[in-house]
Amino acid sequence: MTTTGTTTGTVQAPAVHIRGLTKAFDQRAVIDGLDLDIRPGEFVGLLGRSGCGKSTLLRILAGLDTEIDGLVSVPSQRAVAFQAPRLMPWKRVWQNVVLGLPGNPDRTLAQRYLDEVGLSGKTRVWPKTLSGGEAQRVSLARALVREPDLLLLDEPFGALDALTRVNAQRLVADLWVKHGCAVLLVTHDVEEALLLADRVLVMDDGVISHEVSVELPRPRQVGHPTLVRLRTELLGRLGIVEPAAAGE
């Protein structure tokens, strides 16, 4: 069962509330009795081996997969950005940003969000003229124009080169501060999760098997001792043991 909406009152309801979520393919449970809460405005990173159910969970939260068992409560205002920007090549950039919005939104609305992601001069160009990083920024603008209470990011930087990826990470961090929405970032990159998230989860065998809190101010540095320790802990949970440094 999936529900949407928020709860009013003095106690703020979680942005995401999941209890006993189960999703099976061909009688094999990819998600198996999963419980999870995400607070309003919280940034959560989700790690896990390929096939562990991360992207399936994100699709369920986005409302793209409703054949499930269990309780899933999410805000009605939510948006998703995938690894592939999925821009319509026959529509100009601004038209891609407002694609699917109700009514007849004009270019002014798209321009505001393109300005936020640093693409002020790309409003009327065609998607094929964009670099990979620019296309991903358009995807972020298209998500943010919906003013989501929950932003779902499915490996949005995975196809970018190293420098573009760092800049995109910084942009997402800035946009999160500005908009204040809850974020769930699905990623394979442990460092990325630790640099961006308040809390990092590890998914294994269809459940959340481990979590760490990252109680450090932003911006964060990869070499910070706390991040180094958490990185080693998370890699171990993912079954990755790094070779010892020379002299150890």
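The values are calculated or read from the model by the stated rules, or taken from the named source; none is laboratory data. Note that this is a predicted model, so its numbers are computed, not measured. Methodologically, a virtual Cβ is constructed for each residue, glycine included, from the backbone with ideal geometry; neighbour enumeration extends over all protein chains shown.
Listed values, structure above:
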item	result
The one condition in (1) within 18 Å of V145 (Cβ to Cβ); (2) surrounded by 19 or more Cβ atoms within 10 Å (Cβ to Cβ) that P102 fails to fulfil	(2)
Of the criteria (1) charged (D, E, K, R); (2) under 22 Å from D174 (Cα atoms); (3) at pLDDT below 95, which one D149 fails	(3)
Criterion: surrounded by 17 or more Cβ atoms within 10 Å (Cβ to Cβ), of a type outside the set (V, I, T) and within 25 Å of P40 (Cα to Cα) - qualifying residue of A110, A81	A81
Flag for T108 being over 19 Å from V183 (Cα atoms), part of a helix (DSSP H, G or I) and hydroxyl-bearing (S, T, Y)	yes
Tally, over the stretch 31-77, of residues that are within 28 Å of T232 (Cβ to Cβ), outside any loop (DSSP other than H, G, I, E, B) and in contact (Cβ under 8 Å) with a residue 60 or more places away in the chain	16
Residues of the stretch 169-203 satisfying the condition of being among the small types (G, A, S) and closer than 24 Å to P225 by Cα	A173, A193, A197
Output for the stretch 56-76, where each listed residue is at pLDDT 90 or above and polar (S, T, N, Q)	T56, S73, S76
Of all residues in the stretch 111-129 being assigned to a loop (DSSP other than H, G, I, E, B) and within 22 Å of the chain's Cα centre (by Cα), the one that is nearest to Q77 (Cα to Cα)	V117
Residues of the stretch 139-173 classified as more than 25 Å from L57 (Cβ to Cβ) and part of a helix (DSSP H, G or I), total	6
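Condition check ((1) at negative phi; (2) buried (at least 19 other Cβ atoms within 10 Å of the Cβ); (3) modelled with pLDDT of 95 or more) across all residues:
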{"site": "P156", "(1), (2), (3)": "yes, yes, no"}
{"site": "A168", "(1), (2), (3)": "yes, yes, no"}
{"site": "H179", "(1), (2), (3)": "yes, no, no"}
{"site": "L184", "(1), (2), (3)": "yes, yes, yes"}
{"site": "H188", "(1), (2), (3)": "yes, no, no"}
{"site": "V202", "(1), (2), (3)": "yes, yes, yes"}
{"site": "G223", "(1), (2), (3)": "yes, no, no"}
